[in-house]
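Trainee: Below is a structure I'd like to ask you about.
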Amino acid sequence: MEDAEKISTAEKLKGEGNEKVKANDCKTAKILYGYAISLLESVTMNQEKLNILLALLQNSALCSNKISEWEGSVAICTAA
């Protein structure tokens, strides 16, 4: 899979995660964000990757807070 495809898939997963957050399903959203973050690990760093990666990390930290996973939230924020 090419970098552009990975970024596009990560964007799609982010959107699905956002819909789960709106439905108050933060556990599933956090999983989707995690898949997207993993997908981006092999993508060459550029501004587009950085933007989506930071958004995914922020969203994942938000979900951790909402489901009372405090240590997870701190770890995610530290990674960002």
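Trainee: Which residues, counting only those in the range 1-31, are open to solvent by 90 Å² or more (accessible area, probe 1.4 Å) and not in a helix (DSSP H, G or I)?
Mentor: Selection gives 1, 2, 24.
Trainee: So, of the residues in the range 32-80 that are in a helix (DSSP H, G or I) and among the acidic types (Asp, Glu), which turns out to be surrounded by the fewest Cβ atoms within 10 Å (Cβ to Cβ)?
Mentor: Restricting attention to the range 32-80, the residues satisfying the condition of being in a helix (DSSP H, G or I) are 32-40, 47-66, 70-79.
From what is left, the residues that are among the acidic types (Asp, Glu) are 48, 71.
On the way: 48: 14, 71: 8.
So the residue we want is 71.
Trainee: Looking at the range 43-65, can you tell me whether even one residue there is free of Cβ contacts under 8 Å to residues at least 24 places away in the same chain and either over 20 Å from residue 8 (Cα atoms) or in contact with a strand residue (DSSP E or B) (Cβ under 7 Å, 6 or more places away or on another chain) (or both)?
Mentor: There is at least one residue in the range 43-65 that is free of Cβ contacts under 8 Å to residues at least 24 places away in the same chain and either over 20 Å from residue 8 (Cα atoms) or in contact with a strand residue (DSSP E or B) (Cβ under 7 Å, 6 or more places away or on another chain) (or both).
The values are calculated or read from the model by the stated rules, or taken from the named source; none is laboratory data. Here the structure is a predicted model, which is why all the values come from computation and not from measurement. In this analysis, Cβ positions are derived from the backbone assuming ideal geometry, glycine residues included, and neighbour counts consider all displayed protein chains. For accessibility, only protein heavy atoms count, side chains too; no ligands or nucleic acids. Shrake-Rupley method; radii C 1.70, N 1.55, O 1.52, S 1.80 Å.
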